[in-house]
1. Checking the structure you have, find out if any residue of segment A:165-183 is facing chain B (nearest Cβ under 7 Å) and under 14 Å from the mean Cα position of the chain (by Cα).
2. Looking at A:Ala353, is it modelled with pLDDT of 95 or more and not aromatic (Phe, Trp, Tyr)?
3. How many residues, within segment A:131-150, are more than 9 Å from chain B (Cβ to nearest Cβ) and under 19 Å from A:Ala95 (Cβ atoms)?
4. Any idea which of A:Ala111, A:Ala153, A:Ala98 is within 16 Å of DNA strand C (Cβ to nearest atom), within 14 Å of another protein chain (Cβ to nearest Cβ) and aliphatic (A, V, I, L, M)?
5. If you take the residues in segment B:49-63 that are within 12 Å of DNA strand D (Cβ to nearest atom) and surrounded by 18 or more Cβ atoms within 10 Å (Cβ to Cβ), which one is farthest from the other protein chains (Cβ to nearest Cβ)?
6. From the list B:Gly238, B:Gly208, B:Gly251, pick out the single residue that is closer than 25 Å to B:Ala357 by Cα, of a type outside the set (Asp, Glu), away from every other protein chain (no Cβ under 14 Å) and without any contact (Cβ under 8 Å) to a residue 60 or more places away in the chain.
7. Taking segment A:217-244 only, how many residues are over 27 Å from A:Pro375 (Cα atoms) and touching a Gly at 6+ places or on another chain (Cβ under 9 Å)?
8. Considering each of B:Val63, B:Val14, B:Val73 in turn, give the residue that is over 30 Å from B:Arg151 (Cβ atoms), within 13 Å of DNA strand C (Cβ to nearest atom), modelled with pLDDT under 95 and out of contact with any Pro (no Cβ under 7 Å at 6 or more places or on another chain).
2 protein chains.
Amino acid sequence: MDGADRGGESAPQVVPGASEPGGQGELAGPDGPGEVGSTMPASGRPPALTDVARLVGVSHQTVSRVVNNHPGVRPRTRERVLAGLRELGYRPNPAARALATGRSRTLGVLALTGTLYGPTSTLYAVEQAARAADYQVTVVSLHSLDPGAVRQALGRLLAGGIDGVVAIAPLLDATDALSAVATRLPLVAVEGRPDGNIATVSVDQEHGARTATEHLLAAGHPTVRHVAGPSDWYEGAGRIAGWRAALEAAGAAVHPPLAGDWTARAGFAAGRQLAHEPDLTAVFVANDQMALGVLRALREGGRRVPEDVSVVGFDDIPEAAYFSPPLTTLRQDFTEVGRQSLRSLLEQVETGATGRAHVVIPPELVLRRSTAPPP
Amino acid sequence: MDGADRGGESAPQVVPGASEPGGQGELAGPDGPGEVGSTMPASGRPPALTDVARLVGVSHQTVSRVVNNHPGVRPRTRERVLAGLRELGYRPNPAARALATGRSRTLGVLALTGTLYGPTSTLYAVEQAARAADYQVTVVSLHSLDPGAVRQALGRLLAGGIDGVVAIAPLLDATDALSAVATRLPLVAVEGRPDGNIATVSVDQEHGARTATEHLLAAGHPTVRHVAGPSDWYEGAGRIAGWRAALEAAGAAVHPPLAGDWTARAGFAAGRQLAHEPDLTAVFVANDQMALGVLRALREGGRRVPEDVSVVGFDDIPEAAYFSPPLTTLRQDFTEVGRQSLRSLLEQVETGATGRAHVVIPPELVLRRSTAPPP
DNA sequence: AGGACAAATGTTAGCGCTAACATTTCGCCG
DNA sequence: CGGCGAAATGTTAGCGCTAACATTTGTCCT
């Protein structure tokens, strides 16, 4: 198990109205305590505010005030209402609430289908941050991020009545489709191009790539090759730019990057090509999954890692430490990405402002055994 | 990219009311066509049924009938209403609908945080199947699957007003917590213990494990060791059982399985132990990520795969084909799992029946280069 | 003790939609 | 050509909640 995955769930167990608006406790047990007077609701439908009100002998509005923790309810009254709430196992009806307030306390997440480490981790991180803020998360997944598909997915989300959207949309093209919507709906683009009119949160890809490249140059490698991600991806482009910048700053030769698509398969193909190049000593691969493919290709081509060739990846997927050899790579803090996205989004939701802030999170170099000085 | 991830999105682009209840089209352009008569709604809030009704000159109920594609509307009227709908960029308000009908067209998915291949793939598969049925998906993720956490997550989901739950809850213990809820709410457990009172959908773990083991025995290996998943996981227990059954049927020695937790780290630890055993010739590892660790440990221990030792995994993660050597493993069809889960769930939602069906999906052996006859 | 004011509680009116029933319109037959 | 029945449309009443305002109750001062 990934160590970070452990640690107790700490969402507070809230009795209705105890402290948070809309808080809810354990699964209610309406079929609980006895003494259900004649005030018991017709037992077909779940108890509503008025049922509790009738039972306790107050108005439904007072019950509502208790449930929502509004001020101006006498402690004695509050106690009695709370008891009634518990007795009937009341749960607020979210649809009614949404209808009355115009807010659903639901956020939409636009996610990319697949098992790419970054997007998946971000999805979960966003969900957790949202839960902490007492929001629900509705997911819409996409196979592709072309503008049409993005627009359609946003439409689906909009139809679902959400309060805001976190778009995990690392494709550069997607940004425009998002901008069009962002004027009408709070939206944060994760790993989106930050030059639009929209709020973004992203990991500093360029910085990471520069770090990786400089690490290799500093070890004495004359230059560094790059197995790139798709250049229409934000991350792909950023990593290419950072790698190139580092080489140019050091006056090292800049060979054209080899294009990949994030998959181990593509990494393997690129690695095979590289394995033929006699002066190859260092490769920066745009993500760990491709690096896995590169590693296998190099080994099969008779190049030892790290003795003959050094390899650096990007992502630090949990398996990276168990590649052969363990992979030096850049770790991205997706939990932080999720947290920041939510912060930025809720700020928009709550103030009504359109967001334009760009949050950038630095990645961190993790040294393992796949890098060494050149032979 | 994972090949299966490709292929065009085919969700139909529905004009409101064209064919499905609640269908919705592109992002509406209310700021679109001109000629906005005096019937235009006070432009603060989005257009409602009554706005369209007023514009067209019919009752809001007629508009509702058109939107929901109910019969008994004259073609001419329908046309006029559709035009009005389009002109104002009408979108049904889901909260109002949910309040009036008692159904939210939203399903909850209980998912396990982390980057485990199975649960993640299942989540996306369920989302896609739900979308095809015109349901939304709300996700609640969990770090751990102990009964308390499961109960709490279900409570959160319930508070969100969903129509049913798909619980991706592979832990045996979780089943009881689910049963408690299933009597009040449509629920399907994916990879849950099928002996409860609840509907389940799962891959036939035992069958898969037996297949893997038999494949190795058939190649001539005297016996097969097992690096197991946690035995309190449904998959973990099932794979142990299948492996054991195959060995016993063949009269082969049954060494105690080595316990793991699905991570590459655990696989590495187990692999190190195994590397010391001189008579080791074949290992069945309970998932691919652990198999990666085993592979590295064996190599570092001087045992060649497959020349000295054969290894079989489980899952067929996209990277498995790029391990060194490429891994023989069992592929699970998660798309089918998602589809079946949804079918079973919607059956419950729509008929009101409590589900008890157990759907089982067979896995498929994928032969690669990590298996060979013993030395 | 009598207000004056604040605190506590109650009342009313929607939010936007659907379901059930009421009414109108139309086609068609005797 | 009147009237019957079905088809088409309209009317009404909630769903459960919150927000705004109205009313009652309590508290404190002079």
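The values are calculated or read from the model by the stated rules, or taken from the named source; none is laboratory data. Given the structure is predicted, the values throughout are model-derived calculations rather than measurements. Positions of Cβ are generated from backbone atoms using ideal geometry, with glycine treated the same way; all protein chains shown enter the neighbour counts.
1. Initial filter on segment A:165-183 (facing chain B (nearest Cβ under 7 Å)): A:181.
Retained after the next criterion (residues that are under 14 Å from the mean Cα position of the chain (by Cα)): none.
No - not one qualifying residue is present in segment A:165-183.
2. Working: modelled with pLDDT of 95 or more: no; not aromatic (Phe, Trp, Tyr): yes.
No.
3. Counting residues in segment A:131-150 that are more than 9 Å from chain B (Cβ to nearest Cβ) and under 19 Å from A:Ala95 (Cβ atoms) gives 2.
4. Details: A:Ala111 fails: within 16 Å of DNA strand C (Cβ to nearest atom); A:Ala153 fails: within 16 Å of DNA strand C (Cβ to nearest atom).
Within the list A:Ala111, A:Ala153, A:Ala98, the selection yields A:Ala98.
5. In the first step, residues of segment B:49-63 are kept if they are within 12 Å of DNA strand D (Cβ to nearest atom); the result is B:49-50, B:52-54, B:56-63.
Checking which are surrounded by 18 or more Cβ atoms within 10 Å (Cβ to Cβ) leaves us with B:49, B:52-54, B:56, B:58, B:62-63.
Numbers: B:Leu49: 13, B:Val52: 16, B:Ala53: 19, B:Arg54: 21, B:Val56: 21, B:Val58: 23, B:Thr62: 22, B:Val63: 17 Å.
The residue in question is B:Val58.
6. Values: B:Gly208 fails: without any contact (Cβ under 8 Å) to a residue 60 or more places away in the chain; B:Gly251 fails: closer than 25 Å to B:Ala357 by Cα.
It is B:Gly238.
7. Taking segment A:217-244 first, the residues over 27 Å from A:Pro375 (Cα atoms) are A:229-238, A:241.
Filter once more, keeping what is touching a Gly at 6+ places or on another chain (Cβ under 9 Å): A:229-230, A:234-238.
Looking only at that region, the number is 7.
8. Working: B:Val63 fails: modelled with pLDDT under 95; B:Val14 fails: within 13 Å of DNA strand C (Cβ to nearest atom).
The conditions single out B:Val73.
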